[in-house]
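Here is the structure we will look at.
The values are calculated or read from the model by the stated rules, or taken from the named source; none is laboratory data. Everything quoted here is computed from the prediction, not taken from an experiment. With ideal geometry, Cβ positions are generated from the backbone for all residues, glycine too; neighbour counts draw on all protein chains shown.
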Amino acid sequence: MHPFAAVFLAALALATAIRFWLAWRHVQHVAARRGAVPAAFADSISLDAHRKAADYTVAKTRLGMIDIAIAAALLLALTLGGGLQALARWWGGVFEPNGYAYGIALVASVAVVGALVELPVSLYRIFVVEARFGFNRMTLGLYFADLAKQTLVGAALGLPLLFVVLWLMARMGGLWWLYVWLAWAAFNLLVLALYPALIAPLFNKFSPLEDVSLRERVDALLARTGFRAKGLFVMDGSKRSSHGNAYFTGFGAAKRIVFFDTLLARLAPGEIEAVLAHELGHFRRRHVWKRVAWLFAGSLAFLAILGWLIDKPWFYSALGVETPGTAIALVLFFLVAPVFTFLLQPLASLYSRRHEYEADAYAAEHASAADLVRALVKLYKDNAATLTPDPLHSAFYDSHPPAGMRIARLEGLAAGGRIR
């Protein structure tokens, strides 16, 4: 066995084992605390709601363990199992090897294989787990309609980008990876610009916010914070799920504020204002652009590494590939890279949780911390979010702080007088 193949297997085994161990810890921790509501939530969350959240978390985590096993098996099948090489050989008999049509077909076929393998888990998650706990409102027809739209949009956007990437890899010499990065960054910014007006409406209906009193309240908040938005919209999220949310989309003059209809149905006006103030905090603290900057920096580093690896025969042979080429190098690298970067996940999660605390503090300055607490408690209850996550699992994965820590910090802000 090639030394790099042994390193890859060891890294995959370690990452998979850690994923399973963290999931097992999470299940055990949540299940053991199912019988009692944490003291901080005893007056606002019933025991039945707490038990539902625990059972929902356990069910999702156990399904996630199956997903972990499937992902590891698929990765092994495509690499050391020879699956990628078999696809390359087959497409090489259809198109000119290492030509553009060959490269696009190879990358697309790997994406299709991955999607087909993931499909049963996705269906089970939505139509069994989500349905069991009363969250799913999607029909099979809507699911496959969404899937068809996602495939068409992905093809319309992704295939031209893939052609550009392969062309740059073939024509730009040793610095091809820098030109590919520039093209990829430009593409992502373009999608950010197009998403609100052209892509999102393909999947959901967006209607102007008609509640006059709520609109006036939101406008007052925007005026206080000096924020400009192109419009306030309500999205029909209820046709797919009973989960609720609010978000911003777009950038520059095209920023939009979007509320799920399920969110508006559950929260009081002051609570909606506080949730919106939290989202405003992300923009005012430049969290979106900071994350985009980190994404761009990471992708530049990855492409530079691929630029070094692409001419190394051992990179291919150690991972089950006999026919090196630009497209197969691209696929191979982005298949195996997550195995070696898995242990960076806690840093990304920590960075995200820090941003959530900063957005909460901003909301406490410009709205009511007490209203935000009430809104979060309602959302925890309605979305069956566990109040007792395993601390290590949470530190590793969670982009938001645990409920107890987040509420305690907000209550501290409220007690300190930072409340309207």
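How many residues does segment 165-177 hold that are exposed (fewer than 14 other Cβ atoms within 10 Å of the Cβ) and either assigned to a helix (DSSP H, G or I) or within 25 Å of the chain's Cα centre (by Cα) (or both)? Steps first, answer last, please.
Of segment 165-177, the ones exposed (fewer than 14 other Cβ atoms within 10 Å of the Cβ) are 171-175.
Imposing the further condition that a residue be either assigned to a helix (DSSP H, G or I) or within 25 Å of the chain's Cα centre (by Cα) (or both) reduces the set to 171, 173-175.
Of the residues in that region, 4 qualify.
Going by the structure shown, is PRO160 assigned to a helix (DSSP H, G or I), closer than 28 Å to ALA274 by Cα and not aliphatic (A, V, I, L, M)?
no
What single numbered condition from (1) part of a strand (DSSP E or B); (2) surrounded by 14 or more Cβ atoms within 10 Å (Cβ to Cβ); (3) out of contact with any helix residue (DSSP H, G or I) (no Cβ under 8 Å at 6 or more places or on another chain) fails to hold for VAL234?
Every listed condition holds for VAL234 apart from (3).
ILE272: surrounded by 16 or more Cβ atoms within 10 Å (Cβ to Cβ), of a type in the set (Val, Ile, Thr) and at pLDDT 90 or above, yes or no? Step through it out loud before you land on a result.
Values: surrounded by 16 or more Cβ atoms within 10 Å (Cβ to Cβ): yes; of a type in the set (Val, Ile, Thr): yes; at pLDDT 90 or above: yes.
Spelling it out, ILE272 is indeed surrounded by 16 or more Cβ atoms within 10 Å (Cβ to Cβ), of a type in the set (Val, Ile, Thr) and at pLDDT 90 or above.
Among residues belonging to segment 378-400 that are out of contact with any helix residue (DSSP H, G or I) (no Cβ under 7 Å at 6 or more places or on another chain) and either outside any loop (DSSP other than H, G, I, E, B) or at pLDDT 95 or above (or both), point out the one that is farthest from LEU343 (Cα to Cα). Let's see the steps before the verdict.
Residues of segment 378-400 out of contact with any helix residue (DSSP H, G or I) (no Cβ under 7 Å at 6 or more places or on another chain): 379, 383, 391, 394.
Narrowing further to those that are either outside any loop (DSSP other than H, G, I, E, B) or at pLDDT 95 or above (or both): 379, 391, 394.
Details: LEU379: 30, PRO391: 17, SER394: 14 Å.
Ranking the qualifying residues of segment 378-400, first place goes to LEU379.
Restricting to segment 263-280, name every residue that is touching a Phe, Trp or Tyr at 6+ places or on another chain (Cβ under 7 Å) and among the charged types (D, E, K, R).
GLU279
Anything in segment 175-225 that is more than 28 Å from GLN150 (Cβ to Cβ), free of Cβ contacts under 8 Å to residues at least 40 places away in the same chain and charged (D, E, K, R)? List them, or say none.
Of everything in segment 175-225, those that are more than 28 Å from GLN150 (Cβ to Cβ), free of Cβ contacts under 8 Å to residues at least 40 places away in the same chain and charged (D, E, K, R) turn out to be GLU210, ARG215, GLU216, ASP219.
Restricting attention to segment 178-197, does a residue exist that is modelled with pLDDT under 95, more than 24 Å from GLY298 (Cα to Cα) and surrounded by 15 or more Cβ atoms within 10 Å (Cβ to Cβ)?
Yes.
How many of the residues making up segment 32-47 are surrounded by 15 or more Cβ atoms within 10 Å (Cβ to Cβ) and either modelled with pLDDT under 95 or of a type in the set (A, V, I, L, M, F, W, C) (or both)? Full working, then the answer.
Taking segment 32-47 and keeping what is surrounded by 15 or more Cβ atoms within 10 Å (Cβ to Cβ), we get 33-34, 37, 40-41, 44-45.
Still in the running and either modelled with pLDDT under 95 or of a type in the set (A, V, I, L, M, F, W, C) (or both): 37, 40-41, 44-45.
Of the residues in segment 32-47, 5 are surrounded by 15 or more Cβ atoms within 10 Å (Cβ to Cβ) and either modelled with pLDDT under 95 or of a type in the set (A, V, I, L, M, F, W, C) (or both).
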